[in-house]
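The structure under discussion appears below in the form of structure tokens.
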Amino acid sequence: MKMSDFDITMTQYNRGDIITGTIVMIGESEVVVALGGLKEGVFKKEELPAAFKLGDAILVMVTGEIDDKGCLVVTHAGVNKALEEKQRLNDLKVGSEFDFVVSEIGTAGFAGEFSGYHVFLPYGQCTANEFENKGELKNNPIHAAVIELNNLKKSIVCSTKILQSNQITPVAVGDILSGKVIRVEEKYALVILANNARAKLSIKDASWQHINSMEEVVTLGEHYDFMVLECNTDFSRVTVGLKQLQTSPLDAKFDSLKIGDEVEGEVVKIMPVGALIKLTNGLTALAVTRENSDRANVATHHIYKLHTQVSGYISRLDSETHRINIITAKKPSQN
């Protein structure tokens, strides 16, 4: 037996799989389809559309059952609905609107199910009318929008409140909007902006100072002004910043420098191109090897040693990148 034949015999089908079968027999009450992998499936003849005949390919869905003849029990009737549902899941993202049926009314919110996903609607995210009449909503459908999606855990947190004002006003990178903090984690916070878009604030964009937790900068439920840093076309993914609305401490230090200034610092890194110098004002400068030696092709470690103090003169300043070059061999000539 060839390995390819062995692989075919080991083909496995799981409940819910949608596969293409070939009609090999149409009986009085059943239709038999060849599924591949030396397996056959069977479904009720009443599910077979009139246009299909022997030899035609047909989509069927595995039920997970096996009949008394060892055939997989499949169905054709629910295939189209399952495909539509699968496409809806593929399209599901933050901001997507969907319907789910309330199966449980808890102390914190409504729970339900949507295409195999557990759905939770917190009371804080539902409308006043829904909260006031929550006892009447069990087994009834609710139209909501996704505000959190976890495909790994198959869970959705949704909101109906945001659908009241519903439409997200377009924004662009660089826009400044007010927003309310709705969730605070160690390394990020979630924000509902004034235009109804949901945004993420990362710890790196929260403060110019080093912080260990977002709670050092923002408070749950409070409003702040944010700058839009990134957004996609449908605004389902927006990134904002807080520190971008504040003056960087580096800007003031950088603006105080000029070419020719004498500086001092410690060598903190040796690289082929040169040495990184941590200046006494906290900024970092680069001493390019070829600019600081009269010898060609000299190695950086022959000029500089780690953790030694050096002094030099600024030879280049780039305000956009905060790049500083220094020359430690000699002071550049002044024009």
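The values are calculated or read from the model by the stated rules, or taken from the named source; none is laboratory data. This one's a predicted model, so the numbers in the text were calculated from it and none came from an experiment. Cβ atoms come from the backbone with ideal geometry, glycine included; neighbour counts cover every protein chain shown.
In this entry, L220 is excluded by the filter for residues that are within 21 Å of C126 (Cα to Cα), in the same structural domain as F120 (by TED's automatic domain parsing) and in contact with a Lys or Arg (Cβ under 8 Å, 6 or more places away or on another chain). Residue check: S115 meets all listed conditions (1) in contact with a Lys or Arg (Cβ under 9 Å, 6 or more places away or on another chain); (2) more than 30 Å from E216 (Cβ to Cβ); (3) of a type outside the set (F, W, Y); (4) loosely packed, with under 15 Cβ neighbours inside 10 Å but one, namely (4). Any residue at all in segment 302-315 that's surrounded by 18 or more Cβ atoms within 10 Å (Cβ to Cβ), farther than 24 Å from D251 by Cα, in contact with a Ser or Thr (Cβ under 9 Å, 6 or more places away or on another chain) and not aliphatic (A, V, I, L, M)? Within segment 302-315 (the criterion being surrounded by 18 or more Cβ atoms within 10 Å (Cβ to Cβ), farther than 24 Å from D251 by Cα, in contact with a Ser or Thr (Cβ under 9 Å, 6 or more places away or on another chain) and not aliphatic (A, V, I, L, M)), the answer is yes, since at least one residue qualifies. Residues in segment 192-204: is at least one within 24 Å of S248 (Cα to Cα) and assigned to a helix (DSSP H, G or I)? Yes, segment 192-204 contains at least one residue that is within 24 Å of S248 (Cα to Cα) and assigned to a helix (DSSP H, G or I). Listed conditions (1) touching a Phe, Trp or Tyr at 6+ places or on another chain (Cβ under 8 Å); (2) touching a residue at least 60 places away in the same chain (Cβ under 8 Å); (3) surrounded by 12 or more Cβ atoms within 10 Å (Cβ to Cβ) are all met by A287, apart from (2).
Evaluating E186 against the criteria (1) closer than 30 Å to T247 by Cα; (2) surrounded by 11 or more Cβ atoms within 10 Å (Cβ to Cβ) leaves one unmet condition, (2).
Yes/no per residue for (1) out of contact with any Phe, Trp or Tyr (no Cβ under 6 Å at 6 or more places or on another chain); (2) surrounded by 12 or more Cβ atoms within 10 Å (Cβ to Cβ); (3) within 21 Å of L149 (Cβ to Cβ):
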site: A194; (1), (2), (3): yes, yes, no
site: D205; (1), (2), (3): yes, yes, no
site: N232; (1), (2), (3): yes, no, yes
site: S248; (1), (2), (3): no, yes, no
site: D251; (1), (2), (3): yes, yes, no
site: S256; (1), (2), (3): yes, no, no
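Condition (residue is in contact with a Ser or Thr (Cβ under 6 Å, 6 or more places away or on another chain), surrounded by 19 or more Cβ atoms within 10 Å (Cβ to Cβ) and at pLDDT 90 or above) applied to segment 266-273: is it met by at least one residue? Checked segment 266-273: at least one residue is in contact with a Ser or Thr (Cβ under 6 Å, 6 or more places away or on another chain), surrounded by 19 or more Cβ atoms within 10 Å (Cβ to Cβ) and at pLDDT 90 or above.
Taken together, the residues in segment 152-169 that are modelled with pLDDT under 85 and surrounded by 12 or more Cβ atoms within 10 Å (Cβ to Cβ) amount to 5. Restricting attention to segment 79-103 and to residues that are part of a helix (DSSP H, G or I) and acidic (D, E), the residue that is nearest to the chain's Cα centre (by Cα) turns out to be D91. Quick one: in segment 311-335, of everything that is over 9 Å from I259 (Cα atoms) and among the small types (G, A, S), which residue is modelled with the lowest pLDDT? Going through the qualifying residues, I end up with S333.
Within segment 79-97, residues that are under 21 Å from R15 (Cβ atoms) reach partners that are small (G, A, S) with beta carbons closer than 7 Å, at six or more positions or on different chains, in the pairs E85/S115; R88/S115; L89/S115. Filter segment 210-241 down to the residues that are of a type in the set (S, T, N, Q) and modelled with pLDDT of 80 or more, then identify the one that is nearest to L283 (Cα to Cα). Step by step, filter segment 210-241, then rank; the result is N212. Taking strands (runs of 3 or more DSSP E) as the structural unit, those lying wholly within segment 219-328 and holding at least 1 residues that are of a type in the set (D, E), in contact with a strand residue (DSSP E or B) (Cβ under 7 Å, 6 or more places away or on another chain) and closer than 30 Å to V94 by Cβ correspond to 223-231.
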